[in-house]
1. What does the net charge come to around Gln347 if you take all other residues with beta carbon closer than 15 Å to its beta carbon, with K and R at +1 and D and E at -1?
2. Sort 12-22, 355-365, 194-204 by the packing proxy (mean of other Cβ within 10 Å over each peptide's residues), most packed first.
3. What net charge do the residues around Gly384 carry, taking every other residue with its C-beta under 10 Å from that of Gly384, with Lys and Arg at +1 and Asp and Glu at -1?
4. Using just the C-alpha positions of the chain as equal point scatterers, what log10 of I(q)/I(0) does the Debye formula give at each q in 0.09, 0.13 1/Å?
5. If we count every other residue with Cβ under 10 angstrom of Ala77's Cβ, Lys/Arg +1 and Asp/Glu -1, where does the sum land?
6. Along the charge dipole of the chain, which of Thr12, His338, Ala304 sits closest to the positive end, that is, farthest toward it, with unit charges on the beta carbon of Lys, Arg, Asp and Glu (+1, +1, -1, -1)?
7. Among 260-270, 58-68, how do they line up from the highest to the lowest mean number of other beta-carbon atoms within 10 Å?
8. For a quick check: with amide H placed at 1.01 Å from N, whose amide H comes under 5 Å from Lys34's, ignoring anything fewer than 5 positions away on the same chain?
Amino acid sequence: MNKIASPAYYKTFDKGDVIFKQGERGDCAYIIEKGSVEIILHMPDGSQQPISTRGAGAIIGEMALVDRENRTATVIAREDCTLLEISEEEFARRLDTTDPIIQMAMKVILLRYRDMLTRVGVLSESGLLPSVEDLERESTSHSDAVSSIKLVNELKEALAEDQLELYYQPINDIKDGHVLGFEALMRWNHPQRGLVPPNEFIPVAEESGLIIEMSKWALQRACTDLAHIEQELGMTGLLYMSVNFSGKDLAAENFSYHVYETLSQTDTDAAKIQIEITERMLMENPEKAQETLALCRNAGMRIAIDDFGTGYSSLSYLHHFPINCLKIDRSFISKMLHSDSSLRLVQSIISLAKNLGMSVTAEGIEEQEELDKLERMACDFGQGYFFARPLPLSDIIKTLREKDMLPDPERLKLSAQDEDLIAQTPELSAD
Ligand code: C2E
Ligand code: CA
Ligand code: CA
């Protein structure tokens with residue numbers, strides 16, 4: 001007989017008590033707290049076969065809960081036992097929040113196990129069980145988990161086969177519109193789907209951890225491309241590159257080591273690299289983020305908080321991180337001309353940044369009026385379609401020249417170089 005101990009989710013059984021019976025519909029599983037149990041199989045010919053004993057810490061009866069079938073064995077207390085009961089509801093809740101692929105794998109394993117027991121004549125349930133094929137088909141169709149696994153595999157291939165690309169969006173001086181640096185934004189040049197935007201693959205890359213490899217690749221490529229851009233523009237050492245990182249990157253072992261290594265391999269001055277990270281990602285693992293960012297900062301890199309204003313309402317965390325720049329989220333910039341509260345928020349972020357000795361960048365500037373307003377509010381830097389969209393390396397230099405974004409002395413230097421070139425090339429000067 002079951003004796004209910006206190007608290008109610010503990011059950012006690014005396015030596016010899018039947019805890020559950022083979023063939024019964026199970027409604028709970030147990031973890032053995034104290035004592036031990038014997039597991040017995042009842043064979044279709046009426047004989048009994050003890051198959052194992054389990055002691056403290058073991059879980060029993062979970063199978064029937066996973067696939068909602070009957071118990072496959074009888075369990076008897078070998079001595080007085082205390083068991084922690086896991087109810088069917090509790091089990092279902094935990095199972096439902098598990099990755100659907102794990103759920104499917106568990107159910108299929110159990111079904112195959114039951115099928116095997118039936119074939120070797122231990123169970124006589126043949127024909128009552130659903131087919132593994134039906135279960136698999138039901139679980140894999142319409143499953144987001146399956147598409148995300150496909151996507152992860154495709155992304156691995158993308159990394160290996162050089163399908164990833166970086167686009168560069170200029171970051172400009174608000175006052176004169178001259179380019180100061182770039183933000184590197186990832187694109188996936190999918191062989192069938194064409195250019196895939198990052199919002200469709202970065203979240204899956206983050207979830208799977210693949211982002212770590214992708215970020216390493218991005219930093220390496222961004223450093224190489226920055227050197228190329230600077231060289232083409234005759235602006236060596238004058239521009240910076242802002243690279244996006246995720247919380248997973250900051251938490252990864254050796255993140256800062258890999259960053260240093262990439263900088264040294266590409267011969268990039270750390271002061272030219274800005275690390276972008278959102279508030280949300282900082283707060284995923286604040287201690288680790290603080291430690292990693294301090295290492296990056298000590299090496300001379302800059303740290304920017306991306307999408308500022310959309311994350312944590314508490315500003316106290318700002319003191320704990322070595323931050324150089326706040327990037328005001330695009331949503332506030334796009335609303336500020338029509339919404340007083342957005343305008344006040346933008347103004348407050350600018351003041352906050354100044355008070356804390358940080359610089360401030362406005363994201364998503366699309367109109368001249370927004371730019372004028374930001375200039376009056378003493379915002380330092382701006383980024384947005386008004387200046388330029390993110391562009392592939394092959395277009396960026398041409399666009400900077402066409403849009404007159406190069407700083408004056410450099411522009412003079414460049415046009416002088418162009419004139420020299422034209423003078424030395426009779427066919428061109430004739431045009
Ligand atoms: P983000 O870091 O906030 O990047 C800015 C996004 O705003 C970019 O979208 C950019 O194209 C877009 N944008 C810039 N100016 C304007 C504008 O004036 N108007 C409008 N409507 N949009 C503008 P994108 O390139 O699609 O990137 C989306 C997000 O994907 C990024 O947001 C970032 O969170 C993530 N992402 C992109 N590349 C990387 C990467 O290499 N690593 C990581 N971890 N995340 C990345
Ligand atoms: Ca960013
Ligand atoms: Ca942003």
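1. -1
2. Packing proxy ranking, top to bottom: 355-365, 12-22, 194-204.
3. -2
4. Result of the Debye calculation: -0.75, -1.10.
5. -3
6. Thr12
7. 58-68, 260-270
8. Close amide H contacts, sequence-distant or interchain: Thr82.
All of the numbers you see were taken from the coordinates with simple rules; none came from a lab. Given the structure is predicted, the values throughout are model-derived calculations rather than measurements. Methodologically, a virtual Cβ is constructed for each residue, glycine included, from the backbone with ideal geometry; neighbour enumeration extends over all protein chains shown.
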